[in-house]
Amino acid sequence: MSVPVRILFVEDSRDDVDLILHELRRSGYTPDHWVVETEESMRQALANESWDLVIADHSMPHFDAPGALAVLQRSGQDLPFIVVSGHIGEEQAVACMRAGASDYLTKDNLARLVPVVERELREAAQRRVAMAALDTSEERYRLLVENSADMITLQDRQGLITFASPSVARVLGYRPVEVLGRKLSDFVHPDDVRVLASALEEVLIHGFTPLITGLRFRHRDGTWRIVEGSAARIVESDGAVGLVTTGRDITERIQLEAQLHRAQKLEAVGRLAGGVAHDFNDLLTVILGYSNLLLDQLDEDRVLYQEVAEIKRAADRAANLAQQLLTFGRRQVLSPRPVDLNPIIGAQLDTLRQLIGEKVELALKLAPDVSPTRVEPGQVEQLVMNLAANARDAMPQGGRLSIETANLELDAASARRCAVQPGPYVMLAVNDTGEGMDAATQARLFEPFFTTREPGKGLGLGLSSVYAIARQCGGGVVVSSEPGRGSSFKIYLPWVEEAGESRPPKLAPGEVRGDETIVLVEDEPLVKNVVSEVLRKSGYQVIEFNNGREALARAKRLSGLIHLLVTDVVMPGMSGIELARHLALGRPEMRVLFISGYTDDLVGGHGALQPGRVFLQKPFTPDALLRKVRMLLDAPDIVPGPGAGPTGERPALPGG
């Protein structure tokens with residue numbers, strides 16, 4: 001089997017070339033060759049063709065082996081170079097080998113020719129395989145470095161950057177060439193320089209440093225980016241010691257972790273708040289109920305009327321506090337529906353002007369085409385009032401308060417800022433020209449009970465309620481503020497395609513009375529007594545029960561219509577939810593009003609707000625109770641069912 005081989009001869013004797021070719025052919029080689037005698041012709045041969053090896057005579061009239069070896073080396077090609085000469089001294093042979101020749105032979109002894117050629121071709125093939133693997137490895141690492149999200153730098157012993165990966169532009173905003181010759185410390189926050197220097201010195205001594213996190217690097221745009229990274233010591237081929245460092249931008253991760261910790265803390269406080277509000281709201285319902293009943297019976301000119309009015313005002317403030325606690329803890333049951341923000345805000349103008357005072361100018365910029373959003377109308381009012389009160393306190397000397405609405409499309413980056421999904425949103429913005437806030441204040445802005453007001457001027461629940469409402473509606477809040485330059489609160493609420501509505505008109509005082517039959521179930525005697533008295537004084541027929549089991553057992557024996565069931569949600573033995581479900585089986589015409597001082601997933605998860613079922617949060621005033629009862633009884637979809645008597649007579653207890 002013949003072995004092809006391409007040989008470039010540097011030789012002036014054709015006979016010597018033929019002799020070498022003859023030896024190779026005898027050993028199974030099929031040589032393809034070319035002969036050159038000058039430096040120029042050799043350069044052209046190397047440039048125009050590919051060769052497996054070079055065989056050169058040591059001395060020729062116009063050229064020699066050392067010169068040919070130099071030409072080969074300058075070409076950059078890794079080819080075996082064998083010197084074959086008629087006579088060569090030992091010193092000349094050693095000099096050729098030191099210069100890079102593979103071997104040398106004498107023309108009068110070519111017995112070694114074939115073994116030397118075989119060896120050199122084999123080693124050359126091995127070198128090519130090794131070089132290909134090295135090239136592949138270098139290409140792999142080059143791609144890793146160039147496409148890594150981490151910035152990678154090489155530094156000399158003095159800390160000067162000698163190489164920077166392309167990701168430096170992604171992390172710090174600089175082109176790699178712009179950081180060469182500089183130190184990492186040039187980009188680090190002054191307070192972090194010592195930490196960086198100590199870490200790098202540790203690397204030079206011990207060889208490696210564990211992950212360092214929290215270093216602040218200045219971006220080209222002037223902002224600070226939080227970076228974590230590591231470093232390792234390297235030794236260059238010339239023995240010089242340097243460093244390789246990697247750095248990853250973790251700014252967004254730190255921000256997300258802070259949001260998570262804040263949300264966890266808010267959730268814990270919300271659970272506590274919801275639990276406290278349960279008993280608190282029962283007591284407030286009694287206080288508000290009886291204080292209102294007393295006021296209805298007293299002459300406004302009497303001192304006693306004023307004293308009772310003070311009790312009611314204190315109870316109103318306490319009720320507002322309880323509502324804020326429940327809102328913050330997301331423990332209230334809502335009836336969200338598609339609404340237009342503009343009419344709701346417009347209906348608040350008189351109240352807003354009274355709240356902010358004469359020194360503050362109120363301006364509206366409401367987009368006429370603003371889309372509907374699904375929200376509880378009362379929550380919109382609470383958002384606006386809380387933000388307006390906050391703005392008023394930020395402008396003690398007066399200023400300008402503006403309220404805006406608009407349709408916006410949030411892209412991915414904008415959505416991340418307020419922790420929502422990208423998409424279309426309705427924006428409600430409340431802006432003021434007040435004192436503004438520093439970064440430290442903004443970081444704690446939505447924490448419950450955090451306030452910059454003087455003691456006794458507020459409990460710090462207003463903005464935490466704003467945050468809770470926005471999140472509960474599937475939206476978010478973004479705050480922009482600087483000391484002395486005012487503040488802007490932007491609430492983003494998802495818009496819906498359904499037609500929006502404003503708040504339904506309130507009933508006049510004379511329209512809240514009635515004569516229908518109401519079953520009242522409440523396990524707290526004080527609450528049951530005040531609710532029963534309020535309903536009876538407004539003309540309703542009230543049948544009372546102390547718990548769900550009692551009501552279910554006895555109400556089944558009632559004949560005639562039960563127009564409305566008013567029941568507490570959480571009761572021992574049987575919940576109001578279960579009671580309503582059982583009673584409705586035989587009385588589909590019956591409306592249901594749930595009342596509770598504490599609501600959790602028990603209510604929302606069991607259909608309490610299905611058609612014909614309404615929720616009234618404790619504490620409530622007699623007026624709120626009567627209006628809710630009247631609107632529920634007047635609902636157009638009440639259809640008499642099998643539970644109604646033949647003439648619609650009122651139910652009566654057995655034997656009564």
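Within the group Val303, Val339, which residue is modelled with pLDDT of 80 or more and surrounded by 20 or more Cβ atoms within 10 Å (Cβ to Cβ)?
On inspection, the qualifying residue turns out to be Val339.
Scan segment 140-149 and tell me whether some residue there is closer than 18 Å to Ile250 by Cα and buried (at least 16 other Cβ atoms within 10 Å of the Cβ).
Within segment 140-149, none of the residues are closer than 18 Å to Ile250 by Cα and buried (at least 16 other Cβ atoms within 10 Å of the Cβ).
Do any helices (runs of 4 or more DSSP H) lying entirely in segment 154-228 carry at least 2 residues that are touching a residue at least 24 places away in the same chain (Cβ under 8 Å), and which ones are they?
Ranges flagged: 167-172, 193-206.
Count, please, the residues in segment 20-38 that happen to be farther than 16 Å from Val116 by Cα and either in contact with a helix residue (DSSP H, G or I) (Cβ under 6 Å, 6 or more places away or on another chain) or among the hydrophobic types (A, V, I, L, M, F, W, C) (or both).
Going through segment 20-38 one residue at a time, the tally reaches 3.
Within segment 1-36, take every residue that is basic (Lys, Arg) and assigned to a helix (DSSP H, G or I) and give me the one that is farthest from Asn48 (Cα to Cα).
Among those that are basic (Lys, Arg) and assigned to a helix (DSSP H, G or I), it is Arg26.
Can you pull out every residue in segment 400-446 that is among the small types (Gly, Ala, Ser), closer than 30 Å to Gly357 by Cα and buried (at least 16 other Cβ atoms within 10 Å of the Cβ)?
Ser402, Ala406, Ala429, Gly434, Gly436
From the list Leu535, Leu526, Leu565, Leu579, which one is surrounded by fewer than 17 Cβ atoms within 10 Å (Cβ to Cβ), of a type in the set (A, V, I, L, M), modelled with pLDDT of 90 or more and not assigned by TED's automatic domain parsing to the domain that holds Asp282?
Leu526
Can you confirm whether Asp52 is within 25 Å of Ala132 (Cβ to Cβ), surrounded by fewer than 16 Cβ atoms within 10 Å (Cβ to Cβ), of a type in the set (D, E, K, R) and in contact (Cβ under 8 Å) with a residue 40 or more places away in the chain?
no
Going by what's in this entry, would Arg554 be described as among the charged types (D, E, K, R) and at pLDDT 85 or above?
Yes; evaluated as a whole, the condition is true for this residue.
Whether any residue in segment 370-384 is surrounded by fewer than 17 Cβ atoms within 10 Å (Cβ to Cβ) and modelled with pLDDT of 85 or more is what I want to check.
For segment 370-384, residues surrounded by fewer than 17 Cβ atoms within 10 Å (Cβ to Cβ) and modelled with pLDDT of 85 or more: absent.
The values are calculated or read from the model by the stated rules, or taken from the named source; none is laboratory data. Nothing here was measured: the structure is a model prediction, and the numbers come from that model. All Cβ positions, glycine included, derive from the backbone under ideal geometry; neighbour counts span all protein chains shown.
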